[in-house]
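One structure below.
Quick note: the coordinates plus some simple rules give every number you see, no bench work behind them. Only a predicted model underlies this, so the values are computations on that prediction, with no experimental measurement involved. Heads up, the Cβs are rebuilt from the backbone with ideal geometry, glycines too, and the neighbour counts pull from every protein chain shown.
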Amino acid sequence: MDTPLRRAISVNYHFLRTAIPTRFALRAHETPKRFDAQLAQLSKHFAFCRAGELIDPTQDVPESSVMLTFDDGARDVVSWALPVLEKHNATASVFVCAQPYLEGRLLEIQKIEFLMKKLGIDGFRGSFYAEYERVFGGEIKREPLDFAEGYTFYRYDDEAMRRFKLDLNYQIPYAQVVPILDTLFAETFGAGSEAEAVRETYLSTDDLKRLVDRGFELGVHTHRHRVLPRLDFETQKREIEIGATFLEDLTGQTEFTIAYPYGFHDENTHRAVRELGLRAGLTMERRAIGPRDLRDRWSIPRYDVNDCFDRESNLMLDSVFSQISAGESEATS
Ligand SMILES: [Zn+2]
């Protein structure tokens, strides 16, 4: 079947909350108030759609659609975003990792953020490398970044910070980073505090079911939020499969879209998602979605919310949204 000439913009959110003092403090990436104003603007010009509809040629999706996505399954989606979404009749796709539910563990990405907030950047960095030295000793063996060809990591950080974040998220082997983070987390927050952090941070399974009941789409964000191209094919496939099976068991649904953690994917990822029967894959490549992306399905681009609205005025950025405004040429394919 021919792919309809659809164009859309995807806007990705993570955490969305007012600054509430909690033991496990996260940066609020957006506030409910700003989110409300963003949806008010979007709903004036565009229709909202979910990932599953957008990539399905049989579904009737308006040509100028906005697909809202939430990554990491933050509790904020139900506590803060849901009332705003419903107020504006907006739908969204929510991408969830299985590890917090299956093992009661925080994803490393949030563990890092909690430690960063609590210890301060210098404190955390000092403790991390001291613990590395204590447990593993010697020179750090860093994994290559070949998979990220051309991508600029952490462009707003200074060199020392950039180096540290690359070590944490991309270059020091998981087998070393994970136990160090576990030790520092237990030392900093107290043994046994991880379960509490999980409850405070992520949607509960009841929340997830409630989202489905209200017409929101749940999608795969893998098992443990690992950078997929760092893993061999079998491990990638397993990461994705565990994430999908968790959602299948929870919802009874069988067809899911995946949002690749950190946006990275490679040929092995594509092979794995095809073999597992997923529907489409979302990246973090910042551009509009065109007909060719919908035909290919495995590299659908997404903007981060920070790319879409002015940080000060919170107004929709024309450079982004004019790409799908009515009257734009349909020549892009
Ligand atoms: Zn994520």
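What to note about this one:
- The residues in the stretch 99-143 that are touching a residue at least 24 places away in the same chain (Cβ under 8 Å), out of contact with any His (no Cβ under 8 Å at 6 or more places or on another chain) and of a type outside the set (S, T, N, Q) can be counted, and the count is 25.
- Within the stretch 294-326, considering residues that are assigned to a helix (DSSP H, G or I) and acidic (Asp, Glu), the one farthest from Gly150 (Cα to Cα): Asp318
- Screening the candidates Tyr202, Tyr174 for the property of being buried (at least 19 other Cβ atoms within 10 Å of the Cβ) and within 27 Å of Val273 (Cβ to Cβ) yields one hit, Tyr202.
- For the stretch 261-293, a residue qualifies if it is within 16 Å of the ligand (Cβ to nearest atom) and either assigned to a loop (DSSP other than H, G, I, E, B) or touching a residue at least 40 places away in the same chain (Cβ under 8 Å) (or both), and the qualifying residues are Pro261, Tyr262, Phe264, His265, Thr269, Leu282, Thr283, Met284, Glu285, Arg286.
- Hits in the stretch 144-169 (condition: touching a residue at least 12 places away in the same chain (Cβ under 8 Å) and in contact with a helix residue (DSSP H, G or I) (Cβ under 7 Å, 6 or more places away or on another chain)): Leu145, Phe147, Phe153, Tyr154, Met161, Phe164, Leu168
- You will find that of Ala191, Ala186, Ala195, the residue that is outside any strand (DSSP E or B), more than 15 Å from the chain's Cα centre (by Cα) and under 12 Å from Pro100 (Cβ atoms) is Ala195 and no other.
- Single match in Ile258, Ile240 (criterion: more than 18 Å from Glu53 (Cα to Cα), within 16 Å of the ligand (Cβ to nearest atom) and surrounded by 14 or more Cβ atoms within 10 Å (Cβ to Cβ)): Ile240
- Residue list for the stretch 37-85, restricted to those being within 20 Å of Ala244 (Cα to Cα) and among the hydroxyl-bearing types (Ser, Thr, Tyr): Thr69
- Residue satisfying all of: in the stretch 218-237; of a type in the set (Lys, Arg) and more than 15 Å from Leu107 (Cα to Cα); farthest from the ligand (Cβ to nearest atom) among these: Lys237
- Taking the criterion of being within 13 Å of Phe309 (Cβ to Cβ) and not in a helix (DSSP H, G or I), the residues of the stretch 19-47 that qualify are His29, Glu30, Thr31.
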